[in-house]
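Peer 1: Would you mind keeping the following structure in view while I ask a few things?
A short reminder: the numbers here are calculations on the coordinates, not readings from a lab. None of these values were measured; they are calculated from a predicted model. Neighbour counts run over all protein chains shown; Cβ positions are idealised from the backbone, glycine included.
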Amino acid sequence: METIPTQYTWDLEAMFASQEEFDEQMKEAKKLLWELKAMEGHICDSIQSFCSYMDKDELLGCFLEDLVVYAKMSTDVTASDEAKQKNLAAAMTLMQQASIELNFASLELIHHKDTIQTYLAQDVCKDYRFPMYELFRTLPHRLSDEQEQLLSEVQELTSAAQETFQSFRVEFEPVIVDGKEEFLNGATYHEFLKNKNETVRKEAFEKYFKEYKRYENVFANLLVTHAKGQVFHARQRHYQSALEASLFQDEATAELFHNVLDMANKKYHSYLHEYYHMKKELLHLTEQHVYDIALEMSDDVQQTYTIEECFDILYQALQPLGDEYVSLLRKAKEERWIDFYPSKEKRTGAYSWGTYRSHPYILTNFTGSYESLSTLAHELGHSMHSYFSNRANRPMLAGYKIFVAEVASTVNEILLNRYLLDHTTDEKVKCSILADLMDQLIGTLYRQPMFAKFEEQLHTWVQNREPVSSSRLTDYYWKLNQEYFGDAVIVDELQKYGCYYIPHFYYNFYVYKYTLGMSVALSFANEILKGNTQPYLDFLHKGGSEPCIEELKQAGVDPCKEKVYEDAFTFFKKTMDEFYDIYTSVHK
Ligand SMILES: [Zn+2]
């Protein structure tokens, strides 16, 4: 049995020191829930009752968040601990119960909108202005109580396509590597594509997409049904389109969406073609097929770091964010915010979590690789964003939206990259860092907007009630891929079935957010490295106190303006040029 030194485990006792404390809070939360429930029909009786409801609801939110997050985090590190599982089940049940019991509240608030507006004009209610603004702006898209009930039942039907996609397990024939059969699935597929042997790559590609071709009518049906569901809900709720319905939550506009897409798919697209030409040249390929594009250009340089070394690097790399930021990194390590090492009972992956009243927590599966280091930088970005947001705002105004959630984590990764590039003398290591960076930039800046274009076309067909067959979908996807890769890459026909394995096509116009988040982060990083850090730090303190596009604008990074994308795509071009110079000098 491995023993991990306590200093490398997180301190969950800082949240609840004992089971008694946990149970006590369960009790208090229940009591508060019934107090709130008793206010039904009377929330808006007076300004006092309204304030009291808002404050108590906020407090209950904190209690429940503490209970659920603590219980979930405990089970994430000790999966088989029954007491922890019981805590989690109890906390989740209470959370669901609260949401059902307090379902009346938003309707009641909406029915008393005019009264509430008079309350909000008064200074004592100023904190409630934004949450109420968020609630009231949904009004034009709300239906009668009866229709809402109907729609929620229809929702169960329309979500079937997505659920079917998720539960559908495609099986693949094994790939032959050195005479041995090897297992092929979604995860190993990407490993096969890195194999130095062309036959292996080609075989994996063909065996993979052959299965999607086999079920093409099933997937086409699922995709179209999903899109029909989105279009149906959008129509019922008086949106112009499914796209508009999806953008509504972030107060983004179709113009912004198309702007993001055009930057990648048109204006700065030539850089991507340049990249594939470069890759073909450097890898000495006479033909570059789609199954060759995952081939790694960098030499195998395995850097390893201890946890202490990682932190020493991060203190330096993130120093441009200021002394306080760095001192918080130290605090994160000293106060045991982080659970570092993998263990048998622990879940995989990494995340940053925590609650309003706790300090941030990070779960990671540290192996000492370069990836572990950049994961740490990434998650610490989330943690610091939460830390500052929670410190600067009361709970109801602290939580930031997903729309801006990846900004702080990406900024940290970029700063780490820059630092390592500036402080590494080994040119091969530099190449490997730059190659990783290019992959990441292509994934977010180019690949996602291509996906978004496909998604938009599908929805347009459905919206216009045009027939959508599998061949229509796959031919369009093939054409998109040919435009995407340019003339340096041969897009083999099977690639067209690629539109059937992308889970994001079953979400709802989500992918442009990756592009936007990366562009915004690069724009911030650009300013930070020039010494202009304060607007970024101010942004980290905003939490969920304003519409997110507004938060960004005020920090000088307006996602509606081209400058943000210009910075991002120029950065990609610069990275590519830097890589080319170093690579060609190493491989003379
Ligand atoms: Zn993240």
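Peer 1: So what is the diffusion coefficient of segment 304-425 in µm² per second by Stokes-Einstein at 37 °C and 0.692 mPa s, using a Kirkwood Rh over Cα pairs?
Peer 2: Approximately 222 µm²/s, per Stokes-Einstein.
Peer 1: Pull up the cross-link candidates among the aspartates and glutamates for Lys331, meaning alpha carbon to alpha carbon under 17 Å and not fewer than 8 places away within one chain.
Peer 2: Asp11, Glu13, Glu308, Glu309, Asp312, Asp323, Asp339, Glu379
Peer 1: Once label points are set 7 Å from the Cα along Cα→Cβ at both Leu143 and Glu82, what is their separation, rounded to one decimal in nm?
Peer 2: 4.7
Peer 1: For segment 70-187, what size does the Cα cloud have along each of its three principal axes, sorted from largest down, in whole Å?
Peer 2: 77, 37, 26
Peer 1: Same structure again: In segment 6-136, how many lysine pairs have Cα atoms under 19 Å apart, counting only pairs 8 or more places apart or on different chains?
Peer 2: For segment 6-136, qualifying lysine pairs total 13.
Peer 1: Once Rh is set to the Kirkwood radius over Cα pairs, what Stokes-Einstein translational diffusion coefficient, in µm²/s, holds for the chain at a temperature of 10 °C and a viscosity of 1.306 mPa s?
Peer 2: 60
Peer 1: Further question: Between Glu182 and residues 5 or more places away or on another chain, which pairs have amide H atoms under 5 Å apart, with H built 1.01 Å from N, and which residues are they?
Peer 2: It is Val175, Ile176, Val177, by chain and number.
Peer 1: List the lysines whose Cα lies under 30 Å from the Cα of Lys428, skipping any in the same chain that are fewer than 8 positions away.
Peer 2: Of all the lysines, those that pass the test against Lys428 - Cα under 30 Å, at least 8 places apart if same chain - are Lys194, Lys196, Lys202, Lys279, Lys280, Lys530, Lys573, Lys574, Lys588.
Peer 1: Karplus couplings for segment 6-13 from phi (6.51 cos²θ - 1.76 cosθ + 1.60, θ = phi - 60°), rounded to Hz, Gly and Pro as x?
Peer 2: Using θ = phi - 60°, the values come out as 3, 4, 9, 10, 7, 9, 6, 5 Hz.
Peer 1: Another one. Order of Ile338, Ile293 from fewest to most other C-beta atoms within 10 Å?
Peer 2: Ordered from fewest to most neighbouring Cβ atoms within 10 Å, Ile338, Ile293 come out as Ile293, Ile338.
Peer 1: Another question about this same structure. Taking only the alpha-carbon atoms of segment 471-522, what semi-axes of the equivalent ellipsoid follow from 5 times the gyration tensor eigenvalues under a square root, in whole Å, largest first?
Peer 2: Semi-axes, largest first: 24, 16, 8 Å.
Peer 1: Please give the charge dipole size of the chain, origin at the Cα centre, charges +1 on K and R Cβ atoms and -1 on D and E Cβ atoms. Round to the nearest 20 debye.
Peer 2: Dipole about the Cα centre, nearest 20: 940 debye.
Peer 1: Here is a further query. With angles folded into 0 to 90 degrees, how steeply does helix 198-214 sit against the dominant principal axis of the chain? Use alpha carbons for both and round to 10.
Peer 2: Taking the Cα atoms of the chain, the angle to 198-214 is about 50 degrees.
Peer 1: Looking at Gln534, Leu223, Thr9, which one has the Cα that reaches farthest to the positive end of the dipole of the chain (charges on Cβ: Lys, Arg +1; Asp, Glu -1)?
Peer 2: Leu223
Peer 1: Let me ask something else about it. Could you size up the charge dipole of segment 6-136 around its Cα centre, putting +1 on the beta carbon of Lys and Arg and -1 on that of Asp and Glu, and report it in debye to the nearest 20?
Peer 2: 320
Peer 1: Lys267: which aspartates and glutamates have alpha carbons under 17 Å from its alpha carbon, excluding same-chain residues fewer than 8 sequence positions away?
Peer 2: Glu255, Glu483, Glu562, Glu566, Asp567
Peer 1: Then there's this: Points 7 angstrom from Cα along the Cβ direction at Thr199 and Thr93: gap in nanometres?
Peer 2: 6.0
Peer 1: Let me ask another. How many nm separate the modelled label positions at Lys72 and Glu28, each set 7 Å beyond the Cα in the direction of the Cβ?
Peer 2: Rounded to a tenth, the inter-label distance reads 2.1 nm.
Peer 1: Compactness ratio of segment 222-329: Cα Rg over 2.2 N^0.38 Å, N = residue count?
Peer 2: Taking N as the residue count of segment 222-329, the ratio is 1.77.
Peer 1: Over segment 6-136, what per residue volume does the convex hull of the Cα atoms give, in whole Å³?
Peer 2: That works out to 127 Å³ per residue.
Peer 1: Arrange the following residues from fewest to most other Cβ atoms within 10 Å of their Cβ: Asp299, Asp426.
Peer 2: Ascending Cβ contact count within 10 Å gives the list Asp426, Asp299.
Peer 1: Then there's this: In whole Å, how far is the Cα centre of segment 52-126 from that of segment 367-431?
Peer 2: Measuring centre to centre over Cα atoms gives 29 Å.
Peer 1: Regarding segment 362-450, what's the average projected area of the Cα-atom convex hull, expressed in nm²?
Peer 2: 7.4
Peer 1: Near the amide H of His289, under 5 Å away, which other amide H atoms are found, from residues 5 or more places off or on another chain, if H is placed in the peptide plane?
Peer 2: Close amide H contacts, sequence-distant or interchain: Ile490.
Peer 1: Measure nothing but the geometry: give the 0 to 90° angle between the long axis through the Cα atoms of 562-586 and the longest principal axis through the Cα atoms of the chain, rounded to 10°.
Peer 2: Roughly 40 degrees between the two axes.
Peer 1: Turning to a different aspect of this structure: Helix 427-441 sits at what angle to the longest principal axis of the chain, using alpha carbons and giving 0 to 90 degrees rounded to 10?
Peer 2: On a 0 to 90 degree scale, this one is about 60.
Peer 1: Report, by chain and number, residues whose modeled amide H sits under 5 Å from the one on Tyr361, excluding near sequence neighbours (fewer than 5 apart, same chain).
Peer 2: Trp353, Gly354
Peer 1: With viscosity set to 0.692 mPa s at 37 °C, what whole-number translational diffusion coefficient in µm²/s follows for segment 101-251 from Stokes-Einstein and a Kirkwood radius over Cα pairs?
Peer 2: Taking Rh from Cα pairs, D becomes 164 µm²/s.
Peer 1: Using only helices, what value at 222 nm comes out for the chain when you add -39,500 (n - 2.57) per DSSP H run of length 4 or more and divide by the total residues, to the nearest 500 deg cm²/dmol?
Peer 2: -20000 deg cm²/dmol
Peer 1: By count of other Cβ within 10 Å, fewest leading, how are Glu274, Glu551 ordered?
Peer 2: Least to most surrounded, the residues fall as Glu274, Glu551.
Peer 1: Work out the charge dipole of the chain with +1 on the Cβ of Lys and Arg and -1 on the Cβ of Asp and Glu about the Cα centre, then indicate which of His378, Gln303, Thr460 is farthest towards its positive end.
Peer 2: Going by the charge dipole, the pick is Thr460.
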